[in-house]
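Note sheet for the following structure.
The values are calculated or read from the model by the stated rules, or taken from the named source; none is laboratory data. A quick note: this is a predicted structure, and the numbers were derived from the prediction, not measured. Every residue, glycine among them, receives a Cβ derived from its backbone with ideal geometry; neighbour counts consider all protein chains shown.
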Amino acid sequence: MPGSPEGIAEVRERCRGMVRRRAAASAAVSAVPLPGIDIVSDLKLFTQLIEDVNREFGLTPEQVDKLQPRFRLIAYQAAVSVGGALVGRLVTRELLLKVVKKSGTKLLAKQATRFVPLAGQAASAAIGFFAFRQIGYQHVEACARVAHELLAAKE
């Protein structure tokens with residue numbers, strides 16, 4: 001877990017870069033004109049992203065369980081208060097699907113654009129990139145806020 005505000009800022013920026021790279025990979029898969037492959041790919045990429053971001057911030061379930069009970073409670077309370085449904089939790093398919101459903105309109109638009117040749121594939125890739133990036137950024141910000149809360153509690 002980052003031990004200073006500067007450390008949290010560094011991890012935050014590193015994770016935002018990770019989100020952009022994975023969003024680009026998601027967009028590349030979205031450009032492939034095979035219905036359904038992008039959803040499977042997005043779920044896999046996003047699951048890995050959440051686990052990697054949690055690990056960078058020291059907020060995987062295993063890492064949180066190793067905290068002293070008082071700090072563990074603070075971590076979970078902070079995660080709930082910032083709306084970080086995936087912070088410090090094991091990422092399951094059901095939990096991930098709940099998060100993805102929140103951006104369901106974008107995903108529906110992404111799927112609908114697939115049926116328009118070339119321009120539709122480009123639009124689908126763009127929608128996929130921005131949706132993936134937005135959800136990823138929200139998770140990074142939630143983790144950063146939880147890390148700040150834990151840092152403040154330790155001082």
Which residue pairs have Cβ atoms closer than 8 Å, lie 6 or more positions apart in sequence or on different chains, and pair a first residue in the stretch 137-151 that is closer than 12 Å to LEU59 by Cα and free of Cβ contacts under 8 Å to residues at least 60 places away in the same chain with a second residue that is surrounded by 23 or more Cβ atoms within 10 Å (Cβ to Cβ) and of a type outside the set (Ser, Thr, Tyr)?
none
ARG16 being part of a helix (DSSP H, G or I), of a type in the set (Lys, Arg) and over 15 Å from PHE130 (Cα atoms):
no
Scanning the stretch 1-31 for residues that are among the small types (Gly, Ala, Ser) and closer than 13 Å to ASP52 by Cα gives GLY17
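When the stretch 47-61 is examined, which residues are found to be in a helix (DSSP H, G or I), of a type outside the set (A, V, I, L, M) and modelled with pLDDT of 85 or more?
Answer for the stretch 47-61, where residues must be in a helix (DSSP H, G or I), of a type outside the set (A, V, I, L, M) and modelled with pLDDT of 85 or more: GLN48, GLU51, ASP52, ASN54, ARG55, GLU56, PHE57.
Can you confirm whether ARG14 is in contact (Cβ under 8 Å) with a residue 40 or more places away in the chain and surrounded by fewer than 15 Cβ atoms within 10 Å (Cβ to Cβ)? Reasoning before the result, please.
On the way: in contact (Cβ under 8 Å) with a residue 40 or more places away in the chain: yes; surrounded by fewer than 15 Cβ atoms within 10 Å (Cβ to Cβ): yes.
In short, yes.
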For VAL146, state whether it is at pLDDT below 85 and within 19 Å of ARG16 (Cα to Cα).
no
Based on this model, can you work out whether THR92 counts as more than 22 Å from ARG133 (Cβ to Cβ), modelled with pLDDT under 85 and out of contact with any strand residue (DSSP E or B) (no Cβ under 7 Å at 6 or more places or on another chain)?
yes
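Look through the stretch 32-57, keep the residues that are hydrophobic (A, V, I, L, M, F, W, C) and crowded, with 17+ Cβ neighbours inside 10 Å, and return whichever of them is farthest from ALA125 (Cα to Cα).
Step one: list which residues in the stretch 32-57 are hydrophobic (A, V, I, L, M, F, W, C), which gives 32, 34, 37, 39-40, 43, 45-46, 49-50, 53, 57.
From what is left, the residues that are crowded, with 17+ Cβ neighbours inside 10 Å are 45-46, 49-50, 53, 57.
Working: LEU45: 15, PHE46: 16, LEU49: 18, ILE50: 21, VAL53: 23, PHE57: 29 Å.
Selected residue: PHE57.
Return yes or no: is ARG22 charged (D, E, K, R) and either under 15 Å from TYR137 (Cβ atoms) or touching a strand residue (DSSP E or B) at 6+ places or on another chain (Cβ under 9 Å) (or both)?
Values: charged (D, E, K, R): yes; either under 15 Å from TYR137 (Cβ atoms) or touching a strand residue (DSSP E or B) at 6+ places or on another chain (Cβ under 9 Å) (or both): yes.
Criteria met by ARG22.
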